[in-house]
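Q: Can you read through this structure? Questions will come right after.
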Amino acid sequence: MGKIYKNSILYSILSYVFLLIFLFPIFWIFLLSITQREFSGTIQIFGIPDNQYTPTLGNWVTELQTPELYSSIMNSMIIAPTSTIIALILGLPAAYSLARFKFSFNSNKYILIFFLALRMIPILSVLVAYYVIFNIIYLFDTKIAIIIVQTSFILPFVIIIVRQAFVEVPLELEEAALLDGASHLGSFLFIAIPLTIPAIVASSLIMFAFAWNEYLIVFSLSLFNETLPMYVRSGGLSSGFHFGGLAVRTMLTMLLPMILAILAQKYIVQGLTLGAVKG
């Protein structure tokens, strides 16, 4: 009993340490966003505000009056949710098929390995090919091109995560529905999907976060469809570059994914741990 108590204390301490390590950069960026700092030619990376800082909301006011900010938010709000929805539409039936049907020559395993390999391929290795293809078919510098590439790279998340959730759904429930006259599509839509909502929500948030924060794809395939990560990099076309403004842009980029993660944390934990413990 004493050993278990000591281990729980140790785990609690380690959890708080890792939490502080995770939260400190966010705290530092927020602090920088509400302070006015004179640029001295050097960057104090881990500096804590002292007498060289003057608290102000001027950085936020300036950035919120920048037209490029709102166009970047609009582009991100179109590209990230659309990529996530398309990935769900394509990925849920694929995950269900891999969980419920056995393909020839044990190919289910190889299909899963293929989807895992998609996440391991460096984006840079295929962006040149995408650049050439989209130029040929006149889709370069369009939101459609960005959405297509984003979807292809986030699709494995929903297939891998939700497939395991479908495996955990008792097959007897679907067989009973089929005996009552339901079709395979009805069993999929009204039995399997409702029982795997936590995994679907978890995979959706992961895909949305990846699509929302993606920089390299947008940078390579677009000139004028600037998203929030691109806006952070550029520093804004009309406000110029300074550290306070950069901190505000970074906070705005992080805000929506953080809010969604906090609101759906119960589903994230349930979805990612489903099937982790075997009885």
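Each value in this text was obtained by applying a stated rule to the coordinates, not by laboratory testing. Only a predicted model underlies this, so the values are computations on that prediction, with no experimental measurement involved. FYI the Cβ positions are ideal-geometry reconstructions off the backbone, even for glycines, and counts take in every protein chain you see.
Q: Just flag the trypsin sites (Lys or Arg not before Pro) in region 79-176 sitting in loop per DSSP whose Cβ has no more than 10 other Cβ atoms within 10 Å.
A: Values: sites: Arg100, Lys102, Lys109, Arg119, Lys143, Arg163; in loops: Lys102.
In loop regions of region 79-176 (DSSP not H, G, I, E or B), the sparsely surrounded trypsin sites (Lys or Arg not before Pro) are Lys102.
Q: Please label the shape of region 130-268 as rounded, prolate or oblate, based on the square roots a ≥ b ≥ c of the eigenvalues of the alpha-carbon gyration tensor (a/c under 1.5 means rounded; beyond that, a/b larger than b/c means prolate, else oblate).
A: Oblate shape, in that a/c is at least 1.5 and b/c is the bigger or equal ratio.
Q: Please give, to one decimal in nm, the separation of the simple spin-label points placed at Leu223 and Thr56, each 7 Å out from Cα toward the Cβ.
A: Placing both labels 7 Å beyond Cα along the Cβ direction yields 3.6 nm.
Q: Using R₀ = 45 Å, calculate the FRET efficiency as 1/(1 + (r/R₀)^6) where r is the Cβ-Cβ separation of Val126 and Met74; round to 0.05. Kindly include the intermediate steps, with their values, before the conclusion.
A: Values: r = 27 Å, r/R0 = 0.60.
My answer for the efficiency is 0.95.
Q: Need one number: nm distance between label points at Phe190 and Val167, each 7 Å from Cα along Cα→Cβ, rounded to one decimal.
A: Each label point is offset 7 Å from its Cα along the Cβ direction, giving 2.9 nm.
Q: Amide H to amide H under 5 Å from Gln36: which residues, 5+ apart in sequence or cross-chain, H placed 1.01 Å off N in plane?
A: Thr54, Thr56
Q: How far, in nm, would the chain grow between Phe22 and Ala264 when pulled straight, counting 0.36 nm per residue and subtracting the alpha carbon separation?
A: Going from the current span to full extension adds 85.2 nm.
Q: Quick one: length gained pulling Asn135 to Ala182 fully straight, 0.36 nm per residue minus the C-alpha distance?
A: So the chain would gain 12.3 nm between Asn135 and Ala182.
Q: Quote the FRET efficiency, to the nearest 0.05, computed for Arg119 versus Ile13 with a Förster distance R0 of 35 Å and r equal to the Cβ-Cβ distance.
A: My answer for the efficiency is 0.55.
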